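Quick notes on the structure that follows.
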Amino acid sequence: MVLTPGGAGAQTTDTSCYVTGGGTLEICRGNEAEGVFAAPRACEAASGVQILRTTPGTGPLQAVYQAETPLDAKGKRGSEACAPRRATDPLDGGSVRAGAMPEQLATSMPPAQGRLWEMTRAVAASRETGRTRANRRRGEAVPVAEPASEGIAARHPMTVAGRDWAGDAYSYVFFLAAVPTETGNRHALLQARTLDFTRFDLREHTDEGTAWTPYGAAAPKGRGRARASRDPNPGAVLDETGAPILGNCPGQGFDRTDLVGAISVVDETYHYFYTDVLPSDCGEPPATRRLGLYLRTSRDLTADRVWSAPRTIAQPLPGQSLIRVAKAKEMDRWVVAYRCNRPANTMDGPVSDICVQYTADLAPGSLAGLTWFSEPQAIMRSTAYLGLRSGGDGTGRFGRSQHFWMTDRYGNLATPTTYRTKAGFLTWLDRLAPGQAGTGPSSVFGRPVYWGTWSVRPVAAR
């Protein structure tokens, strides 16, 4: 099969390299730095680690990521021994954790604490009737009056600075909640803001419009004890039509990537690239649903209606795709990192990797011209893989997943000063999948997170 130049199968004279960027750039595998970023205990998890440079130049840095739901009210892990933990409830949303580190320690996870975490289970349990609980056990739809405001979960955080060019000093974290709707659980996009990555305000919807409420704020008088922390009730972020931003289809499980993506600022416009199930596939079994890559834009993250209507960028893509898009470091191009498999299997099965490609320019439509996978796409094979060495194996139960990368405060690619000549700095989870029968160790708890770099150069440079 012959693939077009600049796509995943573009040809180069060096088999350890592949061409990208419309045929003008190449990425060569091997000889890149890698290491262990975090080694969680058996009751802990870390994934989707975005390292954020919060100021121009060098440091300080913030690591923002998804972790386990805290077992105590303050969101602290504690130093006591912990029993192995498994993810069993699809409403277990985990938590957003954050921690600061100096620039020179960018290759190791900083001390972090839970900043936002899931309360959906507690809220939902207090409201469920016996019939509702029976329906949930059978996997049937659970009707609710307010599908976009059922507590708070905290999955897949995406962090970006506000309009500091217009005097906004906040940084914003968009994250996902699994909310029950009339047809089943759907992802909803929620929003928080912070000045210091320690204290966060949640966007809520009131009769008067948008309100920012401190997370863990005291309950108003007349609602229990005066000093009690009330349950947060954030509403889903709205688009320009006034509709809440929800995933296209209901679903179950922990590997869903509906609304998962990244936010990048170009020309004072926020670009939110994400995947979601194609609406035409909502009636298909979850294992066979296909995805599309979508784009929403915004000029002001504080507006009542934040994001534009979605624009389809590329389709169809395999249902297990996880895609991050950002402006490339020091280039007017998009760079995309996505989950993929290497072209050849081992004796035990496919070898998972992370693929990286560049576009020829900053036109969002240029992403549609990439050849993401070889046919058949469902196998997710591509020659545009980085050749990562840390983590993963060929058994089909280990994989490199839930990747993110280091960015500047605008969500555009950056690297630690130690690796200033590199094109990017990735983090990824060495995921352990459940067995074929759904048994065996958890997919995320106790699994290491690795970091790695890649380099890109003009084709003429070789």
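The values are calculated or read from the model by the stated rules, or taken from the named source; none is laboratory data. All values reported here derive from a predicted model rather than from experimental measurement. Note: ideal-geometry Cβ built from the backbone for every residue, glycine included; neighbour counts use all protein chains shown. SASA here: full protein model, heavy atoms, side chains in, ligands and nucleic acids out. Shrake-Rupley method; radii C 1.70, N 1.55, O 1.52, S 1.80 Å.
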Positions within the range 250-272 being in contact with an Asp or Glu (Cβ under 7 Å, 6 or more places away or on another chain) and at pLDDT 95 or above, in sequence order: L259
Residues located in the range 254-279, provided they are among the aliphatic types (A, V, I, L, M) and in a loop (DSSP other than H, G, I, E, B): L259, V260, L278
Residue within the range 138-159 that is out of contact with any helix residue (DSSP H, G or I) (no Cβ under 6 Å at 6 or more places or on another chain), surrounded by 15 or more Cβ atoms within 10 Å (Cβ to Cβ), more than 20 Å from V277 (Cα to Cα) and at pLDDT 90 or above present: yes
Residue that is touching a residue at least 12 places away in the same chain (Cβ under 8 Å), of a type in the set (G, A, S), open to solvent by 20 Å² or more (accessible area, probe 1.4 Å) and touching a helix residue (DSSP H, G or I) at 6+ places or on another chain (Cβ under 9 Å), where the choices are A368, A378: A378
Hits in the range 165-182 (condition: open to solvent by 60 Å² or more (accessible area, probe 1.4 Å) and either part of a strand (DSSP E or B) or modelled with pLDDT under 95 (or both)): E182
Strands (runs of 3 or more DSSP E) completely within the range 310-358 that count 2 or more residues being open to solvent by 30 Å² or more (accessible area, probe 1.4 Å) and within 16 Å of F273 (Cβ to Cβ): 311-317
Condition broken by P441, with the remaining ones in (1) open to solvent by less than 30 Å² (accessible area, probe 1.4 Å); (2) over 15 Å from R324 (Cα atoms); (3) of a type outside the set (K, R); (4) at pLDDT below 90 satisfied: (1)
Cβ pairs under 6 Å, 6+ apart, first in the range 295-317 and closer than 21 Å to Y410 by Cα, second open to solvent by 50 Å² or more (accessible area, probe 1.4 Å) and outside any strand (DSSP E or B): R296/P310; R305/E240; S308/E240
Conditions (1) surrounded by 20 or more Cβ atoms within 10 Å (Cβ to Cβ); (2) modelled with pLDDT under 95: number failed by L386: (2)
Cβ pairs under 8 Å, 6+ apart, first in the range 167-180 and under 15 Å from T55 (Cα atoms) and of a type outside the set (S, T, Y), second open to solvent by less than 30 Å² (accessible area, probe 1.4 Å) and modelled with pLDDT under 85: none
Every residue from the range 416-429 that is surrounded by 21 or more Cβ atoms within 10 Å (Cβ to Cβ) and either under 23 Å from D267 (Cβ atoms) or without any contact (Cβ under 8 Å) to a residue 60 or more places away in the chain (or both): A423, G424
Where a residue in the range 257-273 is touching a residue at least 24 places away in the same chain (Cβ under 8 Å) and farther than 15 Å from R155 by Cβ and its partner, wherever it lies, is assigned to a strand (DSSP E or B) and of a type in the set (A, V, I, L, M), with Cβ under 6 Å and at least six apart: I263/M158; I263/V160; S264/A326; Y270/I263; Y272/I263; F273/L295; F273/V325
Residues of the range 20-68 satisfying the condition of being more than 21 Å from T417 (Cα to Cα), under 23 Å from the mean Cα position of the chain (by Cα), open to solvent by 10 Å² or more (accessible area, probe 1.4 Å) and not hydrophobic (A, V, I, L, M, F, W, C): P40, R41, E44, S47, Q66, E68
Any hit, the range 280-291, residues being hydroxyl-bearing (S, T, Y), at pLDDT 95 or above and either assigned to a strand (DSSP E or B) or under 20 Å from the mean Cα position of the chain (by Cα) (or both): no
